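Visitor: One structure coming up, written as structure tokens, with questions to follow.
The values are calculated or read from the model by the stated rules, or taken from the named source; none is laboratory data. The structure presented is a predicted model; accordingly, all values stated were derived computationally and were not measured. Cβ sites come from the backbone with ideal geometry, for glycine too, and all protein chains shown count toward neighbours. Note: accessible area is taken over every heavy atom of the protein model, side chains too, but ligands, DNA and RNA are not part of it. Shrake-Rupley method; radii C 1.70, N 1.55, O 1.52, S 1.80 Å.
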Amino acid sequence: MEGGAGERLVQCPVCLRELPAAHINAHLDRCLQAGEGEAERGWPPPCKRMRLAAAPQESEQVAGELEEPCPAAVPVFSLFHKGRGAGAAGPSPGGAGGGRGARRAAAEEPEDGSEREAPGGRSIARKLEGKPLADKLRPDTLGDYVGQERVLGAQTLLRSLLEAHEIPSLILWGPPGCGKTTLAHIIASSSKKNGTRFVTLSATSAKTNDVRDVISQAQNEKRLFKRKTILFIDEIHRFNKSQQDTFLPHVECGTVTLIGATTENPSFQVNSALLSRCRVIVLEKLSVEAMEAILIRAVRSLGIQVLGQGEQHNRSATGSNSESSEFPVYIEKKALSTLAYLCDGDARTGLNGLQLAVQARLAAGITKGCSADGVLITEEHVKEGLQRSHVLYDRAGEEHYNCISALHKSMRGSDENASLYWLARMLEGGEDPLYVARRLVRFASEDIGLADPLALTQAVAAYQGCHFIGMPECEVILAQCVVYFARAPKSIEVYRAYSNVKECLRMHTGPLPPVPLHLRNAPTRLMKNLGYGKGYKYNPMYKEPVEQDYLPEDLKGMNFFKEGKT
């Protein structure tokens, strides 16, 4: 109800009077101090008998009027009624059913006490509150699952098994944000509809006793109710080998169906005995097309309008009401494409970057005041929300070895561009520059060798330079060394010869041949008497080449550089 001067009226929860908002606090204090059974001073006491119906005519309150007669009794316990209960306990002074003010309040506010959601930017801000966007948009069915067509496409074995509710024990292996947990979530949703228990544990927080409790419950469920149990272990590589052994007998006999998710290579991180009882499903990084589909679905669920190239954003173009206090939100299609490229196949990173960009723009728009055309999210805003290209690199995992192998092979193949790329990929991902420098020292002798003896000097100097100044200044030192090695001539003569020597030692049967006497040192008289050093020719004393054997008798004529005897 509105007063004559346009001031909003508020209903007192004790006596149900409608007063201007500026006077309600002082009035409420007086009402509460009056005590139970007493009315506010100057207000008629409540009637002894509660009326079940209000007066047939509503009394109109004039502007500025603070006092009005009591048309009906007011129960003293009306303070404890919530929602509709306060209005139902007794009629308000305005007339039947609580009057126009009560009816308006009921029409404007939901019954659960929450604020009514408004369209536009403020409603989008409410949708982004609470859980991260990546968790809110997690699909529940395979039909909504995007990406991984190689293992989950139509007519694939795994998809047929999932649709038939025949879930085998699985190890889901893939990079972060590729859909491992989402796939497990879909399996959980499907299994619950089929009557199968689904239990989730995280190896980061669960202990061995937690696993044993779940297995014990699974045994009871199977024995008493013939009910299957699926156990999902997130980050299963965090369990050590003895903890993983806990699953072995129960997976073997079918007490539980194990689904493990890991970002690490299961060949190294999962017990081989457990690995043999599970099928490994390799999930790849999401493609750019799949990422764009996920992002478009996200902006549509938020109510954000996508603008194509050359399109203008304004209310008249979209038919929005210019008198509305809400403002529309737009995002450029180019911004979504850029985000799909920058997140490197990680859906979680892409959705979080989108959420940060939208929240930042909405906060700036509400603070500074939005124009009539609404809020526009551009490519620059998305880059700012993501901060940087998401580089997938794990210094302690498989990607560490993959990248250093790629760098080594690129330098060996004299591809300077690829060499610089893999170097930057490692350094930008957080690799220790001294590790890269040590590998370059090895490369200088293994692959360049005698073709350019100065390569070893370059590598050692690069290592010392990295040690002196550290990152990020040392990155150009490593880049110079890598380009030098890529352009340098290659020779594996020394490396191959030494490998042949090691092979000769490994393949030798019986005791190794002794060192020839003339090559032995003779520091004592006894050793001289035994013939140590006898007949040795000191080469610098001769102008002509010296004829002398330096290999044991059994290896005379061996040429390790040609892998055979001459």
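Conditions tested, residue by residue: (1) modelled with pLDDT under 85; (2) over 30 Å from residue 440 (Cβ atoms); (3) touching a Cys at 6+ places or on another chain (Cβ under 7 Å).
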{"residue": "465", "(1), (2), (3)": "no, no, yes"}
{"residue": "478", "(1), (2), (3)": "no, no, yes"}
{"residue": "496", "(1), (2), (3)": "no, no, no"}
{"residue": "513", "(1), (2), (3)": "no, yes, no"}
{"residue": "534", "(1), (2), (3)": "no, yes, no"}
{"residue": "542", "(1), (2), (3)": "yes, yes, no"}
{"residue": "546", "(1), (2), (3)": "yes, yes, no"}
{"residue": "553", "(1), (2), (3)": "yes, yes, no"}
{"residue": "566", "(1), (2), (3)": "yes, yes, no"}
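Visitor: In this structure, is residue 287 among the small types (Gly, Ala, Ser), open to solvent by 30 Å² or more (accessible area, probe 1.4 Å) and under 30 Å from residue 334 (Cα atoms)?
Guide: Numbers: among the small types (Gly, Ala, Ser): yes; open to solvent by 30 Å² or more (accessible area, probe 1.4 Å): yes; under 30 Å from residue 334 (Cα atoms): yes.
Yes: the conditions hold for residue 287.
Visitor: On to the next question. Look through region 432-475, keep the residues that are among the β-branched types (Val, Ile, Thr) and open to solvent by less than 50 Å² (accessible area, probe 1.4 Å), and return whichever of them is farthest from the chain's Cα centre (by Cα).
Guide: Once the filter is applied, the top-ranked residue is 448.
Visitor: Could I ask something else about it? Looking at the structure I just gave you, is residue 554 among the charged types (D, E, K, R), part of a loop (DSSP other than H, G, I, E, B) and touching a residue at least 24 places away in the same chain (Cβ under 8 Å)?
Guide: no
Visitor: Has region 524-531 got at least one residue that is open to solvent by less than 90 Å² (accessible area, probe 1.4 Å), without any contact (Cβ under 8 Å) to a residue 40 or more places away in the chain and within 17 Å of residue 551 (Cβ to Cβ)?
Guide: No, region 524-531 has no match at all.
Visitor: Tell me, which strands (runs of 3 or more DSSP E) lie completely within region 196-310 with 2 or more residues that are of a type in the set (Ser, Thr, Tyr)?
Guide: Ranges flagged: 197-202, 257-262.
Visitor: Please count how many residues of region 428-450 are part of a helix (DSSP H, G or I) and at pLDDT below 90.
Guide: Residues that pass the stated criteria total 1.
Visitor: Search region 113-160 for residues being hydroxyl-bearing (Ser, Thr, Tyr), at pLDDT 80 or above and open to solvent by 30 Å² or more (accessible area, probe 1.4 Å), and hand back the single one that is nearest to residue 193 (Cα to Cα). Show your work before the answer.
Guide: Going residue by residue through region 113-160, those that are hydroxyl-bearing (Ser, Thr, Tyr) are 114, 123, 141, 145, 156, 160.
In the following step, the residues that additionally are at pLDDT 80 or above were identified as 141, 145, 156, 160.
Imposing the further condition that a residue be open to solvent by 30 Å² or more (accessible area, probe 1.4 Å) reduces the set to 141, 160.
On the way: 141: 12, 160: 17 Å.
Ranking the qualifying residues of region 113-160, first place goes to 141.
Visitor: Pairs needed: first member in region 345-356, over 15 Å from residue 297 (Cβ atoms); second member anywhere, basic (Lys, Arg) and assigned to a helix (DSSP H, G or I); C-beta distance under 9 Å; at least 6 residues apart or different chains.
Guide: Filtered contacts from region 345-356: 353/383.
Visitor: Also, I was wondering about something else. Does residue 496 count as touching a residue at least 24 places away in the same chain (Cβ under 8 Å), open to solvent by 40 Å² or more (accessible area, probe 1.4 Å) and farther than 30 Å from residue 557 by Cα?
Guide: No: the conditions fail for residue 496.
Visitor: I would also like to ask the following. If you scan region 184-222, which residues turn out to be touching a residue at least 40 places away in the same chain (Cβ under 8 Å), of a type outside the set (Gly, Ala, Ser) and out of contact with any Ser or Thr (no Cβ under 7 Å at 6 or more places or on another chain)?
Guide: Across region 184-222, the qualifying residues are 185, 187, 214.
Visitor: Another question about this same structure. Being surrounded by 12 or more Cβ atoms within 10 Å (Cβ to Cβ) and either touching a residue at least 40 places away in the same chain (Cβ under 8 Å) or under 48 Å from the mean Cα position of the chain (by Cα) (or both) is the filter here; which residues of region 502-515 pass it?
Guide: 503, 504, 513
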